[in-house]
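The values are calculated or read from the model by the stated rules, or taken from the named source; none is laboratory data. Because the structure is a prediction, the values reported are computed rather than measured. Positions of Cβ are generated from backbone atoms using ideal geometry, with glycine treated the same way; all protein chains shown enter the neighbour counts.
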Amino acid sequence: MEAVGRKPTIWETLTNEKNFKWTLVAPLLIILVIFALYPLIYSFYFSFHDWGMQGAPIMTGLKNFRQLVFDQTFLSAVGRTFKAMVICISVELLLGLGIALLWNRDFPGQNIVRGLALLPLMVAPLILSLLWYFLLDYNFGAVNQVLEAIGLSKVYWWSPNMALYTICFITIWQWFPFSTFVLLAGLKSLPKDVFEAARVDGASGWYTFRRLTLPMLTPLIMIIVVLRAMWLIRLMDPLFGTTRGGVNTELLDWIVYRTSFVMFDIGYGSAMAVFSWALTMILCMLMFRQLMKALAANR
Amino acid sequence: MIRKILFWAATILILLFITLPLAWIYLTAFKSNADIFDPSLRKFVIFTPTLDNFRSLFADYPFWKNFLNTIIISVGSTILTMVISLPAAYSFARWNTGGGDLLYFTISTRMFPPAVAAIPHFMVFKTVGLIDTHLGLIILNTFFNVSFATFLLYGYFNDIPAELEQAAMVDGYNRTEVFRKIVFPLIKPGLAVTAMFCLIWSWNEFFFAFLFSRNIAKPVNVLLSQFWGGLQVQYGLMTAGAAITILPTLIMVWFMQRYIIRGLTFGAVKG
């Protein structure tokens, strides 16, 4: 606005019918280009170099990437990330579907139930991980104390065989209300007359569920899978309050962080980062289409 | 009748599963160390409440200073995000600017691995002196939130029929007036929801705050993470701090429960 008095011509060019829409998106595009494209170019550049934050970077060609392909630590981190993704998404979907079917009715206090169930969803994952590290502590954790009191044996939640599943459990605990309420919204919007007709025709409950409910919920299930996959491939915060990448829980982003910021191997870290970026982009391109279709179906 | 009992039994079980861990934060915050490490179940709820954890947190640690930092960073970045996203979303919704490709680019930056961006950002921030400043973290959080905010607002703008604006134009309103008098009042609820999301997300952001702050701009999450230790975790201090830090989030979530699912699904599901 301040440009009006001094340079009316520029202001006019910016706000005429043809340019106005571009003027409105310009600030957004500028911040996105600076903060998203620049780091990418930077990471690409250093992924072909050896650099430990000191002296001049040494050009090494594809060496970092060749090392990456045979790096067992890195490959298992990638594998673990996908494992966690599959576990979390499937458990969240099943739990969500079950609870959504349970709550798909009008009952007194349903708003209170919803409010309570959504509470953990937006709490900082870091704080929740600190909390669960405490609750699942072998000696002092409340969960093990309860297990012992009811005659079961204590569980080593943070043992190398168990820790990744425990991380998944924390994530599922925080996120299953999400799929629950997405699916519940879907169930509530289903056309009543179709189900009425099925009932009149004598279709069994299971048959109606498989042939009517489930197909109609598919776009929503798709949305849940896509969004959760996008968030879970970046799973990192829960590690900060718990294992810090130890006991077989190192995930994709954690190893990138550790290589760059703990070992200061910027070249190798950048190669991992580029790999992680490419993986995400492939996943997103595959899924974004589905997401857009599902979004369109639901608008 | 039996169905009803089963329904309520299941519902209460689910709610306990969700809320008990959160309640544990508030219980532990008021326990003395002796009670925290007492293995008898009785001590879960029956103990002499004490404010020692809070006293120590306020006296020995810069808790309020860091809490204030969190407020400054999240409020600052939310305002900046809105200033950038609102016009962009309007442009995308009204003129389909960039024909969908730009919108895809916008949302794809949200999937950008933060660990990738951390190295270059760190180098640049070091050069221009933005490490450990409020402004630096405000800018970073704005970048994290703009694409989401734009997409969500885009959905809300799409809900406003274009005919409404055309009718106003016919009535002799100019573009600015149309936006101020017609569109803005209609978008206000959507704007409030979007702002809440941005506020919560920057409130919760940890990784970049952890890397980019030392002292001056340290947010409260980073302070809480420092109570973690391989051998000895200061549970009392940690829960006392967490109890205060998550309270605003819990209150906001309670009041925006109707809009959370819509927000998290980028407007696709109108919970």
(Q) For the range B:228-246, give me each residue that is at the interface with chain A (Cβ under 8 Å from one of its Cβ atoms) and modelled with pLDDT of 85 or more. (A) B:Y235, B:M238, B:T239, B:A242, B:T245, B:I246
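So that you can scan it fast, the table gives a plain yes or no per residue for (1) of a type in the set (S, T, N, Q); (2) in contact with a helix residue (DSSP H, G or I) (Cβ under 6 Å, 6 or more places away or on another chain):
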{"position": "B:F206", "(1), (2)": "no, yes"}
{"position": "B:F210", "(1), (2)": "no, yes"}
{"position": "B:G236", "(1), (2)": "no, yes"}
{"position": "B:I244", "(1), (2)": "no, no"}
{"position": "B:T249", "(1), (2)": "yes, yes"}
{"position": "B:I260", "(1), (2)": "no, yes"}
Q. Which of the helices (runs of 4 or more DSSP H) contained wholly in the range A:189-296 include at least 3 residues that are modelled with pLDDT of 85 or more?
A. A:214-232, A:237-240, A:252-257
Q) Is there a residue in the range A:146-165 that is surrounded by fewer than 24 Cβ atoms within 10 Å (Cβ to Cβ), over 25 Å from B:A242 (Cβ atoms) and within 9 Å of another protein chain (Cβ to nearest Cβ)? A) yes
Q) Can you find even one residue in the range B:90-105 that is closer than 29 Å to B:C198 by Cα, assigned to a loop (DSSP other than H, G, I, E, B) and out of contact with any helix residue (DSSP H, G or I) (no Cβ under 7 Å at 6 or more places or on another chain)? A) yes
Q: Name, by its number, the condition in (1) closer than 26 Å to B:R42 by Cβ; (2) of a type outside the set (K, R); (3) at pLDDT 85 or above that does not hold for A:I167.
A: (1)
Q. Regarding A:G267, is this residue in contact (Cβ under 8 Å) with a residue 24 or more places away in the chain, among the small types (G, A, S) and within 10 Å of chain B (Cβ to nearest Cβ)?
A. no
Q. How many residues does the range B:2-38 contain that are more than 16 Å from A:D137 (Cβ to Cβ), under 30 Å from the mean Cα position of the chain (by Cα) and not in a helix (DSSP H, G or I)?
A. 1
(Q) For the range A:63-113, which positions are crowded, with 21+ Cβ neighbours inside 10 Å and within 16 Å of B:A9 (Cα to Cα)? (A) A:I99, A:A100, A:W103
Q: Evaluate the range B:171-180: report whether one residue or more is at pLDDT below 90, surrounded by 17 or more Cβ atoms within 10 Å (Cβ to Cβ) and touching a helix residue (DSSP H, G or I) at 6+ places or on another chain (Cβ under 9 Å).
A: yes
**Q.** Residue that is nearest to B:L250 (Cα to Cα), among those in the range B:28-42 that are within 10 Å of another protein chain (Cβ to nearest Cβ) and in contact (Cβ under 8 Å) with a residue 24 or more places away in the chain
**A.** B:T28
Q: Kindly indicate whether any position in the range A:102-111 is facing another protein chain (nearest Cβ under 7 Å) and more than 24 Å from B:M196 (Cβ to Cβ).
A: yes
Q. Can you tell me which residue in the range B:247-263 is nearest to B:F67 (Cα to Cα), limited to those that are touching a residue at least 40 places away in the same chain (Cβ under 8 Å) and either of a type in the set (K, R) or facing another protein chain (nearest Cβ under 7 Å) (or both)?
A. B:T249
Q: Please verify whether the range B:39-47 includes one or more residues that are surrounded by 14 or more Cβ atoms within 10 Å (Cβ to Cβ) and part of a loop (DSSP other than H, G, I, E, B).
A: yes
